[in-house]
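This report concerns only the one structure given below.
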Amino acid sequence: MEDIDLSMDDGALVRAICSAADDLDRPRAKTLSEELIRRVRASQDQLPEKDARKVLESLRQQRYFDLMDRLADALIQSGIDDARVRRAYVQALVDLGSRTAAVSILSDLVDSTAADPNEHCEALGLLGRTYKQLYVDARAPALERNRALLRKALESYRDAVGGKPEVNTWPAINMVALLKRARRDRVEIGGTWPSPDDLASRIFDTIDAKEPPVPRWDMATALEACVALGRVQDASDWANRYVESGAEAFELGSTLRQLEEVWQLDTTSEMGAAVLPLLRNGLLHKDKGFFTVTPEEVRQPVESLEKVLGSDYFQTITWYRNGLARAQAVARIGRDASRGDGTGFLVRGRDLHESLGDELLLLTNAHVISDRPEHKPAVPNFADAGVIFEAAGGDGAKKEYRIREVVGRSGPSEYDFALVRLDPAFSCDPPVVPYELAADLPANDGKQRVYIIGHPGGGTLSFSMQDNLLLDHDERLLHYRAPTEGGSSGSPVFNGQWRLIGLHHAGYTSVARLNRKGGVYAANEGISIFAIREELKKQLGA
Amino acid sequence: MPHITFIHGIANKPAPDVLLELWRRSLAREDGIDCGAENITTSMVYWADVLYRDPDPDVEGYESTDEEVQVVAETREVAAVDPLWRESLDGGERAFVEQLADELGADVSEEEAQAAASAEAAGAPPAAGAPTLSPVEAEAAAQLERIPLPWFIKRPLMKALLRDVHHYLFNSSHSPRPGASYQVRDEIRKRTLAALEEGAKQKGPHVVVSHSMGTVIAYDCLKRVRECPAVDSLITLGSPLGLDEIQDKFRPEWSRNDGFPHEKVRSGRWFNVFDRLDPVAGFDPFLANDYQRGGQSTLVDIHEPNWGNWRHSITKYLQGKELRRTLADLLRP
């Protein structure tokens with residue numbers, strides 16, 4: 001990492017952390033946060049509460065929960081008693097998975113904020129959210145201990161609403177979501193509860209009657225109320241308004257997760273098809289946007305979305321549709337059916353070398369598949385590898401291919417690719433369209449984005465669509481910054497028009513900058529498709 | 001890498017870098033041509049400050065999905081164009097302006113326009129319904145009435161077009177703010193040539209994409225300025241180049257038989273995109289017969305309707321499928 005000047009004053013240090021977080025520069029944010037933690041612990045004076053809140057909020061927005069946890073802990077230890085700082089600490093614990101600890105701290109926070117209605121409501125809401133998340137993540141509604149979590153979530157939200165759903169709309173809509181979820185999961189909650197439809201109507205009418213401009217969080221709440229009431233067209237309209245309002249990636253992402261995890265929507269249902277593509281499309285257009293889709297959703301015929309969304313919205317998500325279509329040509333490569341060793345994707349032979357004609361071949365990294373032992377491929381013998389195109393339509397997803405031979409390759413420290421012939425040759429009905437190569441790499445102006453479709457964390461059943469800032473490129477390498485950890489080796493890298501520009505091969509917390517710029521930074525790295533093409537010319541003849 | 005030189009049109013505009021970004025975004029929107037992603041360099045010939053005092057600070061309005069907001073943003077200052085500039089004209093200049101004003105219907109009233117349109121709808125000549133107007137004016141009035149914009153926008157727009165065209169073609173002296181004074185055509189030509197020279201340095205195809213009054217500027221430079229660098233192809237959007245009065249001012253370089261700027265448009269490809277309900281281009285949208293090459297029509301006119309009421313909008317033209325297909329083809333090495 002390039003040298004950081006740690007002699008700056010506290011205010012400048014706070015700003016530097018916020019800036020590093022905003023730039024998705026985790027190593028820098030970490031170093032600066034550690035310096036701030038050191039100072040907070042060593043100093044008699046407290047950091048001003050406004051700075052404490054600001055730096056924790058920046059870390060929260062980028063989901064740097066580990067840094068947020070340690071910094072909030074240090075700030076509280078230093079004597080800062082601000083409810084928002086404590087709430088931030090609990091939020092970090094919740095998102096890091098320490099939910100039981102979070103619950104007990106939150107219960108204290110709820111008691112201690114009794115005299116401050118706003119903070120009290122926020123603390124109760126966060127307690128509700130924590131119980132909700134515990135219930136959703138458990139995925140076992142039959143167990144009594146999980147049912148108890150759902151009840152506690154509802155009670156916390158009810159207390160946060162305080163009998164005023166038109167005022168406290170956010171906890172109120174969460175009550176609606178959980179009452180409906182309880183019905184779907186057949187959880188007996190006991191006690192007297194309002195009708196979720198009545199509550200949703202009241203929330204919706206309140207927001208709908210507001211004078212513009214309607215705050216963004218109200219738009220998300222109105223959207224959720226329409227989902228609750230089954231009003232597909234209205235939900236679609238509010239989703240569009242919400243995206244057009246300039247909502248940030250983390251806001252859209254949070255709404256999307258609520259709809260997917262709590263409401264259990266996906267695009268195979270009419271409501272899911274009406275709302276999720278709009279939010280996902282919006283996310284992909286935002287800096288640092290990402291989401292996952294299931295193979296079933298990718299396989300849905302795209303035209304079915306037009307019936308649900310109507311042609312206006314359908315037109316506006318053309319770009320998202322193109323992304324989904326790309327996912328159909330992505331394959332999981334592995335030694336057995338339960339896990340993936342890497343990713344690969346289809347390319348038309350002649351796009352990489354004329355002699356290969358129209359044959360569809362698979363491109364992946366040499367450190368995943370190779371016929372050279374010195375490349376140390378993850379699958380030592382390529383004949384053992386299975387290749388499955390999970391999102392291919394028709395009968396495509398059921399077939400497992402083997403690898404017949406390696407047509408071209410280059411070692412991990414050079415161009416890290418393997419171009420392989422499948423056995424049998426790839427076929428699918430309806431056909432999968434191979435990728436179009438870009439005419440050139442994107443402008444190297446620090447503003448371009450690249451898009452990656454891969455299997456997050458090596459998992460097998462979802463595709464991560466990620467928006468990454470292109471940091472730099474030279475003739476061989478692309479450096480980009482991802483909003484999430486990891487990525488899959490062998491994933492395709494696309495430009496903003498979904499044209500292929502590279503092959504993802506590694507993520508580094510510290511890698512040398514390109515173009516003799518000196519210093520190091522955190523970056524994900526891909527190999528330029530044009531460099532691969534040139535290398536193939538040497539191997540297969542010009 | 002390929003390069004596009006944009007030339008904007010009438011009415012005031014946001015600051016140059018903001019305007020360029022607006023055009024690029026409109027072109028990229030929804031599966032369009034993303035210049036950054038495709039490594040296409042771009043520049044804008046910016047000349048709004050030659051005629052207007054300060055850049056327009058309202059940027060959001062240009063991209064509003066609410067058409068009323070958008071049209072107000074794009075035409076905000078046209079109403080402020082000082083009408084007295086015509087008073088001081090005489091001779092050939094005055095005659096030009098009066099003729100062009102007739103052709104544009106710039107001086108007709110709403111009532112006269114409605115009467116002319118009604119007469120036309122009834123099968124009579126428009127002048128029959130609006131006897132206060134000459135036949136030319138009456139026809140323009142009927143056409144103007146058909147444009148689905150409110151009169152409080154339409155008429156000032158025509159008057160602004162009249163002023164901008166006059167000031168350019170007659171190289172008028174204009175002072176848009178204290179301390180600044182320009183010979184309008186000289187200044188704009190200078191900026192255009194500088195931009196085209198920069199574009200010429202890129203290795204790929206160089207395409208000029210011009211809109212509205214910007215098409216008059218593009219044509220003038222490519223046809224009538226010897227020092228103008230050559231480009232590969234030309235696209236005109238929402239162009240008033242079909243108007244006889246404007247064509248006459250381009251003589252002797254322009255003639256109907258040989259008006260095509262073939263010396264400076266290397267590929268010989270010029271595409272003109274128009275919408276019939278575009279108030280600036282709608283009067284005489286077809287250019288192919290007016291800018292021939294050796295007596296042959298080589299320029300291609302493309303009728304691509306926009307949508308809504310405000311059809312002159314560049315953000316709409318740039319989202320057109322035909323326009324994008326044509327431009328993508330011209331940018332290919």
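Mind listing whichever residues of the stretch A:489-530 are small (Gly, Ala, Ser) and either open to solvent by less than 10 Å² (accessible area, probe 1.4 Å) or within 18 Å of A:ASP445 (Cβ to Cβ) (or both)?
A:GLY490, A:SER491, A:GLY496, A:GLY502, A:ALA523, A:GLY526, A:SER528 - these are the residues of the stretch A:489-530 that are small (Gly, Ala, Ser) and either open to solvent by less than 10 Å² (accessible area, probe 1.4 Å) or within 18 Å of A:ASP445 (Cβ to Cβ) (or both).
As for the stretch A:360-379, it holds no residue that is more than 20 Å from A:GLY502 (Cβ to Cβ) and within 24 Å of the chain's Cα centre (by Cα).
Just for the stretch B:1-51: of the residues that are aliphatic (A, V, I, L, M) and within 9 Å of another protein chain (Cβ to nearest Cβ), which one is nearest to B:THR315 (Cα to Cα)?
Across the stretch B:1-51, the extreme among qualifying residues is B:ALA28.
Counting only helices (runs of 4 or more DSSP H) that fall entirely inside the stretch B:64-164 and contain at least 3 residues that are farther than 22 Å from B:GLY9 by Cα, open to solvent by less than 20 Å² (accessible area, probe 1.4 Å) and among the aliphatic types (A, V, I, L, M), the qualifying elements are B:110-121, B:135-146. The numbered conditions (1) of a type in the set (S, T, N, Q); (2) in a loop (DSSP other than H, G, I, E, B); (3) surrounded by fewer than 17 Cβ atoms within 10 Å (Cβ to Cβ) are all true for A:SER370 except (3). Per the conditions (1) of a type outside the set (Gly, Ala, Ser); (2) open to solvent by less than 70 Å² (accessible area, probe 1.4 Å); (3) touching a residue at least 40 places away in the same chain (Cβ under 8 Å), the sole criterion not satisfied by A:LYS54 is (2).
Out of curiosity, is B:ASP58 surrounded by fewer than 16 Cβ atoms within 10 Å (Cβ to Cβ) and either within 30 Å of A:ILE317 (Cα to Cα) or of a type in the set (S, T, N, Q) (or both)? The answer is yes for B:ASP58. Residue under question is B:GLY36, and the condition is that it be in a loop (DSSP other than H, G, I, E, B), in contact with a strand residue (DSSP E or B) (Cβ under 9 Å, 6 or more places away or on another chain) and open to solvent by less than 40 Å² (accessible area, probe 1.4 Å); does it hold? Spelling it out, B:GLY36 is indeed in a loop (DSSP other than H, G, I, E, B), in contact with a strand residue (DSSP E or B) (Cβ under 9 Å, 6 or more places away or on another chain) and open to solvent by less than 40 Å² (accessible area, probe 1.4 Å).
Scanning the stretch A:117-148 for residues that are among the polar types (S, T, N, Q) and either in contact with a Leu (Cβ under 6 Å, 6 or more places away or on another chain) or buried (at least 20 other Cβ atoms within 10 Å of the Cβ) (or both) returns A:THR130, A:GLN133.
Quick grid of which residues meet (1) closer than 30 Å to A:LYS286 by Cα; (2) modelled with pLDDT of 95 or more; (3) open to solvent by less than 40 Å² (accessible area, probe 1.4 Å):
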site	(1), (2), (3)
A:LEU363	yes, yes, yes
A:GLY394	no, no, no
A:LYS398	no, no, no
A:TYR401	no, no, yes
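Residues A:ARG321, A:ARG280, A:ARG241: which one is at negative phi, in a helix (DSSP H, G or I), of a type in the set (D, E, K, R) and open to solvent by less than 30 Å² (accessible area, probe 1.4 Å)? Explain how you work it out, then say what you get.
Details: A:ARG321 fails: open to solvent by less than 30 Å² (accessible area, probe 1.4 Å); A:ARG241 fails: open to solvent by less than 30 Å² (accessible area, probe 1.4 Å).
Being at negative phi, in a helix (DSSP H, G or I), of a type in the set (D, E, K, R) and open to solvent by less than 30 Å² (accessible area, probe 1.4 Å) holds for just one of A:ARG321, A:ARG280, A:ARG241, which is A:ARG280.
Restricting the first member to the stretch B:309-330 and to residues that are open to solvent by 20 Å² or more (accessible area, probe 1.4 Å), and the second to residues that are assigned to a helix (DSSP H, G or I), the beta-carbon pairs closer than 7 Å and six or more apart or on different chains are B:ASN309/B:GLU67; B:GLN319/B:SER26. In the stretch A:149-169, how many are outside any helix (DSSP H, G or I) and either touching a Lys or Arg at 6+ places or on another chain (Cβ under 9 Å) or exposed (fewer than 13 other Cβ atoms within 10 Å of the Cβ) (or both)? Count: 5. Summed over the stretch B:4-14, residues that are modelled with pLDDT of 95 or more and either open to solvent by 10 Å² or more (accessible area, probe 1.4 Å) or among the aromatic types (Phe, Trp, Tyr) (or both) total 1.
Evaluate the following for B:LYS249: is it over 17 Å from B:VAL207 (Cβ atoms), under 20 Å from the mean Cα position of the chain (by Cα), at pLDDT below 95 and within 14 Å of another protein chain (Cβ to nearest Cβ)? No: the conditions fail for B:LYS249.
The values are calculated or read from the model by the stated rules, or taken from the named source; none is laboratory data. All values derive from a computational prediction rather than experimental measurement. All Cβ positions, glycine included, derive from the backbone under ideal geometry; neighbour counts span all protein chains shown. In case anyone asks, the SASA skips ligands and DNA or RNA and just uses the protein heavy atoms, side chains included. Shrake-Rupley method; radii C 1.70, N 1.55, O 1.52, S 1.80 Å.
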